[in-house]
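Below is one structure, written out as structure tokens, with a few remarks after it.
None of the figures in this text is laboratory data; all of them are computed from the coordinates on show. These numbers come from a predicted model, not from an experiment. Virtual Cβ from ideal backbone geometry, glycine too; neighbours counted across all protein chains shown.
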Amino acid sequence: MLIALKDLAVQPVVISEVLRAGAIDLRSPDFRQVGVLIVEAVASLVSDEIRVQGELQVRIEMECSRCLERMEVPVQKTFDLFYRPSRTLQPTSRGEEIELRRPELDVGFFVGDKLEFNDALRELILIEMPMKAMCRPDCLGLCLQCGTNLNTGTCACSGGATDPRWAQLKASSK
């Protein structure tokens, strides 16, 4: 999804897109877009910056942190993003590196006369993903000995085996 500066110079650009499942490459083996991505936004030119305000909705597939089964997580996010041309950055004395100052840390940068917005959508989705997601609140997880999914069945393990590194502590508590 490209936003062109020449279009913004005339009037704000309304973005109303529905992207098919898998259209956004999340660049992670842990997450996969399984539902359509709905984006409703308005891009406008504010002095020398592009401001994009809107909302996105999508379903992402990931693994449950306890049982490792695949599950879907709904993502709904409102956003208010600012972008500046990269030429506004001041190079450091070394020439090739660019130092970001405090006000520039909340701003994105673009090169040329167009802004590729799919990269921003990817970042917005990944930021919203839970670090430890569970397929359901009462997920039992996996048996620590045999690996059986305790949500779907029981295992024949005794349940008494412990990590041998704790044996001396257990013996001293008796």
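Apply the Karplus parameterisation 6.51 cos²θ - 1.76 cosθ + 1.60, with θ equal to phi minus 60°, to every residue of segment 24-37 and state each ³J(HN,Hα) to the nearest whole Hz, in sequence, with x for glycine and proline.
Working through the residues one at a time gives 9, 7, 7, 6, 8, x, 7, 10, 8, 6, 10, x, 5, 9 Hz.
Ordered by residue, what ³J(HN,Hα) values in Hz, to whole numbers, does segment 53-70 give under the Karplus form 6.51 cos²θ - 1.76 cosθ + 1.60, where θ = phi - 60° and Gly and Pro are x?
Using θ = phi - 60°, the values come out as 10, x, 8, 10, 9, 6, 10, 10, 9, 8, 8, 5, 6, 9, 9, 6, 6, 6 Hz.
Rounded to the nearest 0.05, what FRET efficiency do residue 167 and residue 27 have when you use their Cβ-Cβ distance and R0 = 30 Å?
Plugging the Cβ-Cβ distance into 1/(1 + (r/R0)^6) gives 0.10.
Would you grab the residues whose amide H sits under 5 Å from the one on residue 15? Only those 5+ places off in sequence or on another chain, please, with H modelled 1.01 Å from N.
Excluding prolines and chain starts, which carry no amide H, the hits are 41, 42, 43.
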